[in-house]
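Single-structure report; data block below.
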């Protein structure tokens, strides 16, 4: 491709794809638009003469731009999902717009955006490009300035963090899954059997559905009679108590907070099924949920930025 007008036309056709790539890397619609614009400037300066796969070439340019932006964000000690200093209620009220970013976040998955935000810049770029957009590792290697083997390890490490599974031993090739004995149940990051996680997920899903509907009866059905809800200071609103006991009290409080439940999604929290509240993918609350005998016995609400950073989060 030699003509600048032809490149511009191809770029316009690829714009939605490039924006999708950038949004998954950056987690912000505004920053994704900035990345796409910068990619166009770089592509225009470089020219596409001799390029066969123009969309792939543009994708790698966007990847480089996003990597630079993620590294710059890290140097500024910024974390997009960290809402430090922002009162949770205000964050939720603001989350109604812009509508475009809400739609983008929902299309990716709020929980996925939160977990991606925990990855290092190179890990995030490698994972997004390879696992979500099938970019070959030799191309990713040029972007992250590593060897193809190192780029493959970055994506593998990110994949295990996203899925909440233990990384394979270095002696096992990344392309060959480690054998699992038939007598050993598949487990998550902390060794919880998959069957137990599935039962936890059923209970948490029922809790979230009842929370969104403000259905007091359905909430009482999934809460143990002596359930306790604890919350750190950053999570409390108004004159809310740090600890609430009893199914009726917890159910009534939960039903009154249905606005938060709209942005709540199940995740793995330290290896067990819990909940993140993340409007537009920006983490403001984590609910650590204890399930026993098919009922929720404890809910620990975490909003303190330091505590949030200490939690291991993974997509269910």
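The values are calculated or read from the model by the stated rules, or taken from the named source; none is laboratory data. Every value quoted in this text rests on a predicted model; they were computed, and no experiment measured them. Glycine gets a Cβ as well: all are built from the backbone with ideal geometry, and neighbour counts include every protein chain shown.
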*Looking at the stretch 122-151, which of the residues that are without any contact (Cβ under 8 Å) to a residue 60 or more places away in the chain and part of a loop (DSSP other than H, G, I, E, B) is surrounded by the most Cβ atoms within 10 Å (Cβ to Cβ)?*
146
*With the checklist (1) touching a helix residue (DSSP H, G or I) at 6+ places or on another chain (Cβ under 9 Å); (2) more than 16 Å from residue 236 (Cβ to Cβ); (3) at pLDDT below 95 in hand, flag the one item residue 289 doesn't pass.*
(3)
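With respect to residue 280, is the statement that it is over 20 Å from residue 232 (Cα atoms), buried (at least 20 other Cβ atoms within 10 Å of the Cβ) and at pLDDT below 95 true? Before the answer, list the steps.
Working: over 20 Å from residue 232 (Cα atoms): yes; buried (at least 20 other Cβ atoms within 10 Å of the Cβ): yes; at pLDDT below 95: yes.
Here the answer is yes, as residue 280 does meet what is asked.
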*So residue 93 fits all but one of (1) more than 17 Å from the chain's Cα centre (by Cα); (2) surrounded by fewer than 19 Cβ atoms within 10 Å (Cβ to Cβ); (3) part of a helix (DSSP H, G or I); (4) modelled with pLDDT of 70 or more; what number is the exception?*
(4)
*Conditions (1) in a helix (DSSP H, G or I); (2) touching a helix residue (DSSP H, G or I) at 6+ places or on another chain (Cβ under 9 Å): number failed by residue 51*: (1)
*Can residue 125 be described as under 16 Å from residue 26 (Cα atoms), modelled with pLDDT of 65 or more and in contact with a helix residue (DSSP H, G or I) (Cβ under 7 Å, 6 or more places away or on another chain)?*
yes
*Scan the stretch 34-53 for residues that are buried (at least 17 other Cβ atoms within 10 Å of the Cβ) and either under 21 Å from residue 132 (Cβ atoms) or modelled with pLDDT of 90 or more (or both) and jot them down.*
35, 36, 38, 39, 40, 43
*Where residue 211 falls short, out of the listed (1) modelled with pLDDT of 95 or more; (2) surrounded by 15 or more Cβ atoms within 10 Å (Cβ to Cβ); (3) out of contact with any helix residue (DSSP H, G or I) (no Cβ under 6 Å at 6 or more places or on another chain)*: (3)
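Restricting to the stretch 110-121, name every residue that is assigned to a helix (DSSP H, G or I) and surrounded by fewer than 21 Cβ atoms within 10 Å (Cβ to Cβ).
Taking the stretch 110-121 and keeping what is assigned to a helix (DSSP H, G or I), we get 110-116, 121.
Within the stretch 110-121, 112, 121 qualify.
Could you tell me which of the residues 261, 206 is in contact with a helix residue (DSSP H, G or I) (Cβ under 6 Å, 6 or more places away or on another chain), at pLDDT 95 or above and surrounded by 15 or more Cβ atoms within 10 Å (Cβ to Cβ)?
Values: 261 fails: at pLDDT 95 or above.
Step by step, each of 261, 206 is checked, and only 206 is in contact with a helix residue (DSSP H, G or I) (Cβ under 6 Å, 6 or more places away or on another chain), at pLDDT 95 or above and surrounded by 15 or more Cβ atoms within 10 Å (Cβ to Cβ).
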